[in-house]
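In what follows, a structure is listed as structure tokens, so that the remarks can point back to it.
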Amino acid sequence: MKSIRLNKTTRKNYLTYGLVIVAYVILQLMSSSGATTSTLQGMLVPICAYVVMAISLNLTVGILGELSLGHAGFMSVGAFTGVTAAIAAGNAIPSAAIRLIVGMVVGALFAAVIGFLIGIPVLRLRGDYLAIVTLAFGEIIKGIFNNLFVGIDSRGLHISLLSDKTNLAEGGKLIIGGPMGIGSIPKISTFTGGAILIMITLIIVFHLVNSRAGRAIMAVRDNRIAAESIGINITKYKLMAFTVSAALAGAAGSLFAMNYTTIVANKFDFNTSILILVFVVLGGLGNMLGSIIAAAALTILPEALRQFSDYRMLVYAIVLILVMLATNNDTFKAFLAKFKPGKKKKEEVS
Amino acid sequence: MAFLSFLISGISLGSIYAIIALGYTMVYGIAKMLNFAHGDVIMVGAYICFYATSRFQLPPLVGILLAVVVCTILGIVIERLAYKPLRAAPVLAVLITAIGMSYFLQNAALLLWSSNPKVFPPVVPTGKISLFGGQLTISYVTVVAILCCIVIMLALTWFTSKTKMGKAMRACSEDKGASQLMGINVNGTISLTFAIGSGLAAIAGVLLCSAYPTLVPTTGAMPGIKAFTAAVFGGIGSIPGAFVGGILLGIIEIFAKAYISTQLSDPIVFAVLIIVLLVRPAGLLGKQIREKV
């Protein structure tokens with residue numbers, strides 16, 4: 001504000017970058033000094049993955065304005081293709097960090113392709129119909145990965161559906177084992193890798209939103225007919241946002257999967273999609289910082305509630321309902337507005 | 001004969017989906033919200049009936065009635081506590097609340113009734129009807145499910161078209177503000193819709209568990225999603241649509257299981273749904289609303 005005058009959006013974007021970096025540095029310092037518990041340590045990578053998932057879904061729901069109930073499907077695509085790529089590249093690339101990058105890039109690419117293909121028919125629909133079709137695609141992807149067998153041997157990759165017909169040569173290895181999922185995944189995901197992915201995601205999303213394309217996407221969200229009448233190609237911009245969102249989810253899925261030794265398709269079901277949607281809605285539509293905080297807080301919350309043992313998911317549900325009731329309550333909103341001097345003025349004007 | 005037997009079991013499964021979908025579609029029509037907790041109301045209904053008949057040795061009919069009563073009250077309470085304060089809130093806020101309610105019911109059931117699967121006692125007498133000299137056998141549950149669905153369907157059609165309350169319901173779903181000006185008790189009507197939907201969910205729960213007798217706290221989740229799909233399939237908000245959508249979904253599922261692959265039956269069902277929606281974007285019997293600029 002002193003030398004360079006930044007507008008409100010840019011300031012907020014830099015604030016988001018800054019907070020992510022600060023959070024990363026603090027957590028990294030804490031874990032190197034041994035101040036973090038082992039539970040928190042184990043949750044760092046999943047938190048990063050969920051944060052990226054929340055930001056990418058926010059692009060679809062908040063910026064594009066289309067409700068998607070199958071976001072976990074893209075995570076699944078990214079996880080399975082990314083891990084397969086990382087395992088297949090296992091011998092050729094010795095460095096774990098590069099294998100992680102390869103995995104995430106392959107995951108992102110496959111998810112982007114699937115997102116693009118799904119987007120073409122899906123984005124013709126509107127509202128709840130679009131929501132149900134994304135749900136359906138999520139379930140279809142889950143069903144296919146539950147019955148997919150992929151093996152690798154000296155002759156290359158072998159893929160079969162429904163039953164193991166890969167007929168691997170001597171020394172071959174079954175990577176995806178249908179309902180068993182992928183076993184013996186190299187645990188190469190790191191917190192640093194996750195934090196870098198979050199930063200890359202933020203850079204991509206902020207640049208997209210603040211570009212000409214981003215403004216077109218938001219114009220489509222705010223008024224489709226008006227946007228179309230001034231010559232915006234609706235399908236193109238919808239597909240753009242949807243594909244970017246899918247690609248980021250794919251990278252997150254890849255990161256997520258390589259934090260565990262085994263991963264099954266049922267992990268990425270309807271409930272996971274809903275979980276991420278909850279992050280987005282609680283964080284605020286179109287608000288990336290909100291998504292990050294909500295994703296991190298709600299991933300930690302069930303763990304923090306562990307002292308309630310059996311009651312923790314019940315408490316989680318009640319907290320969820322109460323937060324939604326409170327944030328939509330006029331008395332409560334007015335009460336909160338008192339603490340925001342900047343916003344108060346605005347409300348008085350309107 | 002195999003084809004006929006698959007068809008009948010498809011219609012039977014479809015009838016159960018249709019009964020659940022009716023609850024979804026009525027609530028959607030009037031409150032314009034996707035009630036994700038609906039699937040879990042099914043589960044609660046099934047548990048109530050299970051405890052009434054197997055623990056307290058009540059006759060099955062009393063068990064079913066008890067389940068219907070409890071679920072009806074549950075539906076009204078859920079609507080009053082969680083959804084009513086959010087009438088004016090954004091659609092997504094209501095959706096998340098409904099999801100929260102669904103988590104709540106599942107976890108409450110987990111605490112109350114534990115995660116051990118319960119074997120649901122047959123509410124409908126076990127036995128089979130043999131036709132064509134034993135070539136075609138139909139179990140009683142199948143017949144009861146189909147009959148139940150037809151009776152419910154007819155009763156609902158009569159209710160919404162002939163009675164004052166039913167007309168109020170249709171008026172509210174078309175225009176709440178105008179209905180209020182005409183002296184219709186909008187809140188009461190919405191509560192009534194939730195009550196009917198939840199009562200139907202209880203019946204569906206009992207039928208579902210009689211046909212597939214394993215009962216766990218997540219029993220309602222998948223049928224809930226399928227029925228929701230069925231409601232959209234037929235055109236959400238339309239009562240005959242939910243009926244047609246449910247029946248077709250059941251038939252497709254059973255045929256996919258029988259002729260293509262058991263594991264891939266769910267993906268096939270959803271793929272058919274997508275194709276139908278691409279051809280008819282508002283569902284089979286949904287109203288195609290033309291946009292005016």
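Tabulated results
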quantity: Residue that is touching a residue at least 12 places away in the same chain (Cβ under 8 Å) and closer than 23 Å to residue B:70 by Cβ, where the choices are B:111, B:136, B:105; calculated: B:105
quantity: Cβ pairs under 8 Å, 6+ apart, first in the range B:87-102 and within 14 Å of residue B:24 (Cβ to Cβ) and more than 8 Å from chain A (Cβ to nearest Cβ), second of a type in the set (S, T, N, Q) and crowded, with 19+ Cβ neighbours inside 10 Å; calculated: B:98/B:35
quantity: Residue within the range A:324-342 that is over 27 Å from residue A:23 (Cα atoms) and at pLDDT 80 or above present; calculated: yes
quantity: Considering residues of the range A:45-100 that are hydroxyl-bearing (Ser, Thr, Tyr) and part of a helix (DSSP H, G or I) only, the residue nearest to residue A:298 (Cα to Cα); calculated: A:50
quantity: Residue B:108 within 13 Å of another protein chain (Cβ to nearest Cβ), within 23 Å of residue B:35 (Cβ to Cβ) and surrounded by fewer than 19 Cβ atoms within 10 Å (Cβ to Cβ); calculated: yes
quantity: Residue match in the range B:60-68 (condition: touching a Gly at 6+ places or on another chain (Cβ under 6 Å), among the hydrophobic types (A, V, I, L, M, F, W, C) and in a helix (DSSP H, G or I)); calculated: yes
quantity: Number of positions in the range A:113-134 that are surrounded by 24 or more Cβ atoms within 10 Å (Cβ to Cβ) and within 30 Å of residue A:191 (Cα to Cα); calculated: 1
quantity: Qualifying residue in the range A:7-15 (condition: of a type in the set (Ser, Thr, Tyr), at pLDDT 80 or above and buried (at least 17 other Cβ atoms within 10 Å of the Cβ)); calculated: no
quantity: Where residue A:149 falls short, out of the listed (1) closer than 19 Å to residue A:256 by Cα; (2) modelled with pLDDT of 75 or more; (3) of a type outside the set (A, V, I, L, M); calculated: (1)
quantity: Cβ-Cβ under 6 Å pairs, at least 6 apart or on other chains, the range A:217-229 side more than 9 Å from chain B (Cβ to nearest Cβ) and touching a residue at least 24 places away in the same chain (Cβ under 8 Å), far side assigned to a helix (DSSP H, G or I) and surrounded by 14 or more Cβ atoms within 10 Å (Cβ to Cβ); calculated: A:217/A:63; A:217/A:237; A:217/A:241; A:220/A:227; A:220/A:234; A:220/A:237
quantity: Residue selected from the range B:75-86 under the condition crowded, with 19+ Cβ neighbours inside 10 Å and either under 16 Å from residue B:26 (Cα atoms) or modelled with pLDDT of 90 or more (or both), by the criterion farthest from the other protein chains (Cβ to nearest Cβ); calculated: B:75
quantity: Pick from the range B:111-122, criterion more than 8 Å from chain A (Cβ to nearest Cβ) and touching a Leu at 6+ places or on another chain (Cβ under 8 Å), ranking: modelled with the lowest pLDDT; calculated: B:120
quantity: Lone unmet requirement of (1) within 14 Å of chain B (Cβ to nearest Cβ); (2) in a helix (DSSP H, G or I) for residue A:286; calculated: (2)
quantity: Selection count, the range A:182-229, where residues are of a type in the set (A, V, I, L, M, F, W, C) and not in a helix (DSSP H, G or I); calculated: 3
quantity: Residues of the range B:225-259 that turn out to be more than 10 Å from chain A (Cβ to nearest Cβ) and assigned to a helix (DSSP H, G or I), as a count; calculated: 24
quantity: Residue in the range A:194-209 that is more than 27 Å from residue A:66 (Cβ to Cβ) and either surrounded by fewer than 14 Cβ atoms within 10 Å (Cβ to Cβ) or touching a Phe, Trp or Tyr at 6+ places or on another chain (Cβ under 6 Å) (or both) present; calculated: yes
quantity: All positions within the range A:88-112 that are at pLDDT 85 or above and charged (D, E, K, R); calculated: none
quantity: For residue A:261: the one exception among (1) surrounded by 21 or more Cβ atoms within 10 Å (Cβ to Cβ); (2) away from chain B (no Cβ under 14 Å); (3) touching a Ser or Thr at 6+ places or on another chain (Cβ under 9 Å); calculated: (1)
quantity: Answer from B:199, B:245, B:235 - the residue that is within 22 Å of residue B:123 (Cα to Cα), crowded, with 18+ Cβ neighbours inside 10 Å and touching a residue at least 24 places away in the same chain (Cβ under 8 Å); calculated: B:199
quantity: Answer residue from the range A:305-323, given it is surrounded by 13 or more Cβ atoms within 10 Å (Cβ to Cβ) and more than 10 Å from chain B (Cβ to nearest Cβ) and is modelled with the highest pLDDT among those; calculated: A:305
quantity: Close pairs from the range B:279-293: first at the interface with chain A (Cβ under 9 Å from one of its Cβ atoms), partner modelled with pLDDT under 70, Cβ under 6 Å, at least 6 apart; calculated: B:282/B:288
quantity: Residue identified as within 26 Å of residue B:167 (Cα to Cα), within 14 Å of chain A (Cβ to nearest Cβ), part of a helix (DSSP H, G or I) and polar (S, T, N, Q) among B:72, B:25; calculated: B:25
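The values are calculated or read from the model by the stated rules, or taken from the named source; none is laboratory data. Quick caveat, the model's predicted, so the values are computed rather than measured. Reconstructed Cβ throughout: ideal geometry from the backbone, glycine too, with neighbour counts over all protein chains shown.
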